[in-house]
Amino acid sequence: MNSILRDAATRGARYLEDLETRSVAPSLEALERLSELGGAIPEKPTDPADVLALLDEVGSPATLASAGGRFFGFVISGSLPVALAANWLGSAWDQNAALVAASPVSAALEETALRWLVDVLDLPSSCGGAFVTGATMANFTALAAARHAVLEQAGWDVESDGLFSAPPVTVIVGEEAHPTLRKALGMLGFGRNRVVVVPVDGQGRMRAEALPAISGPTIICMQSGNINTGAMDPAVEICAAARSAGAWVHVDGAIGMWAAAAPERAHLVAGVADADSWATDAHKWLNVPYDSGLAFVRDPEHLRGAMALSAAYLPFGGQREPSEYTPELSRRARGIEVWAALRSLGRTGLADLIERTCRFAARFAEGVQSAGYAVLNDVVLNQVLVSFGDEETTDRVIAGIQADGTCWCGGTRNDLAGPVCDAHQRFVVGNHAKRCRA
């Protein structure tokens, strides 16, 4: 066992070392070789060392080098070395993070990491939280708590009685709400297309003055960090309107909530802490390995009410039981690498990471503009929307960058300008790198 683990560590380290010199996109030959990983299941056992060698020799060249400093796509982050190392150690521990009894260390690290996250994200200290797969499940988890709370207030137990004959819940979203938020709403039975849509301004911010009259059980979903521009919905105004009408406010903050951890950017999220629930990722700006989504709810009992289960065979104790706050029972211990990243960076290191990537975005925008191209957004975080002219030219530039292999960027679409390049700045494995994402 020790030899194959050492071999895996050696191969993993070599893969990371080679990222800065290889083509970011895999070659056609590498993609064609993926067929070697297929075929019928072997009839007889294969030496584990040979399995690992095949995986590395065929699989590694066919990856998109998203962990390196020249990948600019999809809001995909590389990993801090300490977070990756903690992930490896945690995988060796092979802990089931469902229960304190199943993994005391995982429960302790998770509880500490959640407390630290609430602190650096400037959320109410009373918040409960959950480690999930990503922002989609974070939205799902937090919105399940919202559903529980607004229907409980209306005298309905949705966990016991379902949505049949339940009081109707109005869900309000911005015109540029992320598609995964609508997916979460669909999974919760609210319907993706049943929502009330509020128009947005030119940067994708929900127009607070266009909020409809609110009555009855209502959930307002706002954004902290538009996926294309980084713009923030006006949290102060939205939360004030919701509070006066007794509505719940949920924040999809996959990108923008991290501005709270950087003193020079914290003003961007003014009012966000007045919401009732929040969703974000640690595998974006905190740079931990996939997957690591985070859900927070102001009143932990609403989260527990939506997620708790009852099973006589499970040894629940007097401590916080992680499985009572997440959709899953069995799951990996995601809190390990989050704890390691925060312990390593500290408050000032995290702030510096965020500030520098935002400054690089501004520098990137200045360079693009000086070269004669249009930047379409106000660069407030780490997004830079660039147009290279007409639709055909922009598509051709993006395709050329991808084919060249020096770096990789994707595109997005702006309703007014057509295809655009959307550049993000990030910190990855000790380096500062630009990135575009689709």
Inset, instruction - Would you check if there is a residue in segment 339-357 being modelled with pLDDT under 95, under 26 Å from V75 (Cα atoms), in the same structural domain as D378 (by TED's automatic domain parsing) and among the basic types (K, R)? - result: yes
Inset, instruction - Scan segment 246-256 and give yes if some residue there is out of contact with any strand residue (DSSP E or B) (no Cβ under 7 Å at 6 or more places or on another chain) and modelled with pLDDT of 95 or more, otherwise no. - result: yes
Inset, instruction - Name every residue in segment 1-53 that is in contact with a Leu (Cβ under 9 Å, 6 or more places away or on another chain), free of Cβ contacts under 8 Å to residues at least 60 places away in the same chain and not small (G, A, S), in order of residue number. - result: I4, D7, R11, P26, E36, L37, T46
Legend entry - Residue check, L385 touching a residue at least 60 places away in the same chain (Cβ under 8 Å), surrounded by 14 or more Cβ atoms within 10 Å (Cβ to Cβ), in contact with an Asp or Glu (Cβ under 6 Å, 6 or more places away or on another chain) and not assigned by TED's automatic domain parsing to the domain that holds I255: yes
Legend entry - Matching helices (runs of 4 or more DSSP H) fully within segment 46-153 where at least 2 residues are within 16 Å of the chain's Cα centre (by Cα) and not assigned by TED's automatic domain parsing to the domain that holds L19: 104-120, 135-153
Inset, instruction - Take P212 and decide whether it is in a loop (DSSP other than H, G, I, E, B), closer than 20 Å to A146 by Cβ, modelled with pLDDT of 95 or more and in contact with a Pro (Cβ under 7 Å, 6 or more places away or on another chain). - result: no
Legend entry - Out of V386, V379, sole residue that is part of a loop (DSSP other than H, G, I, E, B), at pLDDT 85 or above and touching a helix residue (DSSP H, G or I) at 6+ places or on another chain (Cβ under 7 Å): V379
Inset, instruction - Please work out if Q369 is polar (S, T, N, Q), assigned to a loop (DSSP other than H, G, I, E, B) and surrounded by fewer than 20 Cβ atoms within 10 Å (Cβ to Cβ). - result: no
Inset, instruction - Restrict the check to segment 197-211 and report whether at least one residue is in contact with a strand residue (DSSP E or B) (Cβ under 8 Å, 6 or more places away or on another chain), among the hydrophobic types (A, V, I, L, M, F, W, C) and either touching a residue at least 40 places away in the same chain (Cβ under 8 Å) or assigned by TED's automatic domain parsing to the domain that holds A361 (or both). - result: no
Legend entry - Residue tally, condition in contact with a strand residue (DSSP E or B) (Cβ under 9 Å, 6 or more places away or on another chain), more than 16 Å from V375 (Cα to Cα) and β-branched (V, I, T), over segment 392-413: 1
Inset, instruction - May I ask you to verify whether W88 is hydrophobic (A, V, I, L, M, F, W, C) and within 24 Å of T348 (Cα to Cα)? - result: no
Legend entry - Failed item in (1) free of Cβ contacts under 8 Å to residues at least 40 places away in the same chain; (2) part of a loop (DSSP other than H, G, I, E, B); (3) surrounded by fewer than 23 Cβ atoms within 10 Å (Cβ to Cβ), with G186 passing the rest: (2)
Legend entry - Number of positions in segment 135-175 that are within 21 Å of M222 (Cβ to Cβ) and either buried (at least 20 other Cβ atoms within 10 Å of the Cβ) or of a type in the set (A, V, I, L, M, F, W, C) (or both): 22
Inset, instruction - Take segment 56-85 and flag every residue that is crowded, with 18+ Cβ neighbours inside 10 Å and not aliphatic (A, V, I, L, M). - result: P61, S66, G68, G69, R70, F71, F72, G73, S77, G78, S79
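The values are calculated or read from the model by the stated rules, or taken from the named source; none is laboratory data. In this text, all values refer to a predicted model and were calculated from it rather than measured experimentally. For neighbour counting, all protein chains shown are included, and Cβ atoms are generated from backbone atoms with ideal geometry for every residue, glycine included.
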